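Asker: Quick one: the structure is below, and I'll ask about it shortly.
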Amino acid sequence: MQKRIRNIFYSFPLQLFVLHLRSNLLLLALWLILLGFISGNLGFKLGFQYLFLDPEYLGKVHFWGFFFMGLAFGGFFMTWNLTTYLLNAHYFPFLASLSRPFTKFSNNNLLLPTLFFIYFLAKVMHFQRNFQRWQWDEIVFLPIGMLSGTLALVLFYTMYFRYTNRDISHYVGTQSADNAPGTVAPGRPDVDLDFIKLDAGRIPVHTYLTERFRLRLVRSVAHYDSKLLLSIFRQNHLNALSIQLMTLILLMFLGWLIDFPVFQIPAGASIFIMCSVFAALIGAINYWFHEWRNTIVILLLLLVNFATSFRSVGHRNQAYGLDYESAPAQYTQKVVTSDSLLRRIAQDKQATERILDRWRYQLTGSLNARPKMVLIAVSGGGLRSATWTMQVVQQADSLLNGRLMDHTALITGASGGLIGMGYYRELYLREQSGESLCRMAPEHIDLITRDLLNPIAFTLTTNDLFLPWGKFETGGFAYRKDRGYVFERTLNANVNGLLDKSLSDYKNPEQAGLIPLLFITPSIVNDARRLIISAQHASYMMLPPVGIARPQAVEADAVDFHWLFGEHHADSLRFLSALRMNATYPYVLPTVHLPTEPEIQVLDAGFRDNYGLLSATRFIQVFQDWIRANTSGVVLVQISSFQKVDEIEESDRKGIVESLVNPIGIATQVLNLQEYEQDNTIGFIHDILGPNRFHHLRFEYYPPSNSRIHASISFHITEREKRQVMQALHRPENQSRLRRLQLLLAGDAKQ
């Protein structure tokens, strides 16, 4: 019994697993990260788990989506085996005496991947059965697809190594060890197998599994020539490095195919591929440079950072339609506070007041009527927010007999919510122009919430990691193709090409009062100001009104896009690029660089104003005199995909390590901090307009209290999540606000 236990403990599979725990922590971390995604413990709010449990391919969840997931998992599994074989095979010299040593190594290295794969399939079937309500006869094809893809990839690798790897019989029978491949690792010293034979460095193994998974006793290799054993490992290592290199070349080739949806594999598969790339890099650096690996990694990072700081080498994403060839605009504190800005503010304010006059006339047909002015502020939150925004606006517009957009003078917001409102405003404009479509049709929610994440993830993996080189032209200028380009192209395709416009296309309709003004406000990374992008000049949004009367009293906290880039074809900026800049979540989409000196970068509007309230209240503050004289009040419709009140997290059961980092946790409460500050601003607006002239209606998405699934805030949303978000409008709180909105706008129809 004791001998059997000893044989189990010193079995090759178990000793490999122990070795991974001891020496391969970075490689194990990749498995743990993937496990965290699938279980929902990592990226739950971003919906990462659905990318694996509900993968879409060509807009649907079916066999082929899971087949590609299986291919990608098989690639990661085999890369894991290749990498660990490169790094650890020399600890087990008996492998060199076996036929097909890499195959036997892989069979004995199955413990961790098998447990992971079983858990993965179990989660998939549980999710599809309990949350997507699929029947078993439908579900069964999903693991079959996954298994088919994995086996296909593993079979390919097996055949490759079967015909390229040489075992000991080849060298003994055909050539001497002196003619075997030499070492290829300049930073790694040769493994001294004579020393290993003395058990000074060898890991003891008593049994191993064959290709048919039968236990065999390990034979001694003491009688073999050390050079012969070493040559086998070297030759196997060369083949492993070769196939990893071929995999990277294949990924780079796929980067040329980013324009074709058929090649846009599920986002979860792209994550598996990315992990394969990281595993290969970790293995290559460890194998080639061994004890120098940490130094080499630091030097490589410094070298890459230095090289990509030059425009000729590094890729910087750009705003499409903007002129980057002219001399950059000067962006300094002196320019932002110049006297010419104050003159520009007065001109832009007068121009906008003329637009508001036309809006009032379009709404009432009278120069004397005083209607309610509606401002719509929408929150960020990916496709969840786009779904919620479209649902609320469609329902409100329907209850008001199509008059909501007539009453609306301004739309503001962030990320997904503003993507939804930008699309809805375009539908409204096309109806105004006589096109035969219905903006309140349910199909528009399906269109605006089609998947965006899969093409982004695919492009990041196959193109952006290797520096984009493909180009396209728009507005007479050439730009690089990257995931920003793919995001815009996919979004436009999802809505049947309706958003393929520039800012200038909206200039005249806004000036005529036919459609509401729309402010897009991404955050400037360099100084945390907001960039105000609009079809109109809006320099009055750059600072509070007191800044005009007392220029030194307050600081400009925003920058007007037209004021800054008037000589860089600001009107030609693609509307899709503006929406993307407003929704640039870090790493998911590339940071946008703008042609200024010094160069500025912009990110998601949510970092400064995730709810659109800062822009809406600033607009009210600037035009408060016009509002008092020409309207009967303002109705601020806030559409938020976040609950206003969150549960308070406990902190009294934290250990000493957690307590050390706990004070930093307030940095993660940026949305709550915005809520508090904006509540204060809402109170200020109540004061300046009066309680009977300002009405704030907040429509909130509440996840069902009895649901284990909360809609994620990513560019991918499942059908179940979509239904859940849309059902939130039936909650009593939101229904009460719809009725309140009807009462407030009753009687303001055109005379």
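Asker: Once you place label points 7 Å from the Cα toward the Cβ at Leu467 and Tyr10, how far apart are they in nm?
Answerer: Taking the simple label geometry, Leu467 and Tyr10 are separated by 5.2 nm.
Asker: On to the next question. Can you figure out the FRET efficiency of Asn496 with Gln624, using R₀ = 45 Å and their beta-carbon distance, to the nearest 0.05?
Answerer: Working: r = 40 Å, r/R0 = 0.90.
Efficiency at R0 = 45 Å is approximately 0.65.
Asker: Under a crude label model (7 Å from the Cα following the beta-carbon direction), how far is Glu599 from Phe306 in nanometres?
Answerer: Roughly 1.8 nm, to one decimal.
Asker: Neighbouring Cβ atoms within 10 Å as the yardstick, rank Phe120, Phe48, Phe141, Phe73 fewest first.
Answerer: Details: Phe120 21, Phe48 25, Phe141 16, Phe73 29.
Ranked by crowding around the Cβ, least crowded first: Phe141, Phe120, Phe48, Phe73.
Asker: Go through 12-22, 549-559 and give me the packing order, highest mean Cβ count within 10 Å leading.
Answerer: Result, highest mean first: 12-22, 549-559.
Asker: What FRET efficiency comes out for Ile298 versus Ser632 if R0 is 60 angstrom and r is the Cβ-Cβ distance? Round to the nearest 0.05.
Answerer: The formula returns an efficiency of 0.35 here.
Asker: Tell me, what ³J(HN,Hα) does each residue in the stretch 608-614 have, in order and in whole Hz, if you take phi through Karplus 6.51 cos²θ - 1.76 cosθ + 1.60 with θ = phi - 60° and put x for Gly and Pro?
Answerer: 10, 8, 5, 10, x, 6, 4
Asker: Moving on. Between Asp687 and Ser340, what is the spin-label point distance in nm, taking each point 7 Å from the Cα along the Cα→C-beta axis?
Answerer: Result for the modelled spin labels: 3.7 nm.
Asker: Tabulate in residue order the Karplus-calculated ³J(HN,Hα) for the stretch 510-522, using 6.51 cos²θ - 1.76 cosθ + 1.60 with θ = phi - 60°, rounded to whole Hz; enter x for Gly and Pro.
Answerer: 5, 5, 7, x, 7, 9, x, 5, 9, 9, 10, 10, x
Asker: Assuming 0.36 nm per residue, please report the length gained on full extension of the stretch Tyr160 to Ser366 beyond their Cα-Cα distance.
Answerer: 66.2 nm
Asker: Just to verify a number: FRET efficiency for Gln742 and Glu719, C-beta to C-beta distance, R0 = 45 Å, to 0.05? Walk me through the numbers before you get to the answer.
Answerer: Values: r = 31 Å, r/R0 = 0.68.
Efficiency computed from Cβ-Cβ geometry: 0.90.
Asker: Return the equivalent ellipsoid semi-axes of the stretch 2-139 as a descending list in whole Å, where each equals the square root of 5 times an eigenvalue of the C-alpha gyration tensor. Write out the running numbers ahead of the final one.
Answerer: Working: eigenvalues 229, 49, 46 Å².
Each semi-axis is √(5λ); the values are 34, 16, 15 Å.
Asker: Going by average Cβ density within 10 Å per residue, which order do the peptides 480-487, 85-92 take, highest to lowest?
Answerer: 480-487, 85-92
Asker: To continue, here is another question. Amide H to amide H, which residues 5 or more places from Asp560 or on other chains are under 5 Å from it, using H placed in the peptide plane?
Answerer: Answer set, sorted by chain and number: Ile532.
Asker: Let me ask you something else. Run the paramagnetic zone check for Arg133: 7 angstrom along Cα to Cβ, then residues of the stretch 717-734 with backbone nitrogen under 16 Å.
Answerer: Output list for this probe position: 718-728.
Asker: Continuing with this model, one more query. Skipping prolines and chain starts, which residues have an amide H placed within reach, meaning under 5 Å, of the one on Gln318, given they are 5 or more residues away or on another chain?
Answerer: His593
Asker: Distance between the C-alpha centers of the stretch 540-595 and the stretch 24-68? Whole Å please.
Answerer: Going from one Cα centre to the other spans 36 Å.
Asker: Moving to a separate point now. Whole-Hz Karplus ³J(HN,Hα) for the stretch 318-325, in order, using 6.51 cos²θ - 1.76 cosθ + 1.60 and θ = phi - 60°, x for Gly and Pro?
Answerer: 3J(HN,Hα) across the stretch 318-325, in whole Hz: 10, 8, 6, x, 7, 7, 9, 8.
Asker: Expressed in nm to one decimal, what extension gain is obtained for the pair Tyr119 and Gln643 from 0.36 nm per residue of sequence separation less their Cα-Cα distance?
Answerer: Extra length from Tyr119 to Gln643 when fully extended: 185.4 nm.
Asker: Taking the mean number of other Cβ atoms within 10 Å as a proxy for protection, how do you rank 452-460, 289-297, 38-46 from highest to lowest?
Answerer: 452-460, 38-46, 289-297
Asker: For a 25 Å ceiling on Cα separation, which of these pairs sit above it: Lys507/Lys722; Lys481/Lys722; Lys60/Lys722; Lys334/Lys481; Lys349/Lys372?
Answerer: Over 25 Å Cα-Cα: Lys507/Lys722; Lys481/Lys722; Lys334/Lys481.
None of the figures in this text is laboratory data; all of them are computed from the coordinates on show. Quick caveat: nothing in here was measured; it's all calculated off a predicted structure. All Cβ positions, even for glycine, are placed from backbone atoms using ideal geometry, and neighbour counts span all protein chains on display.
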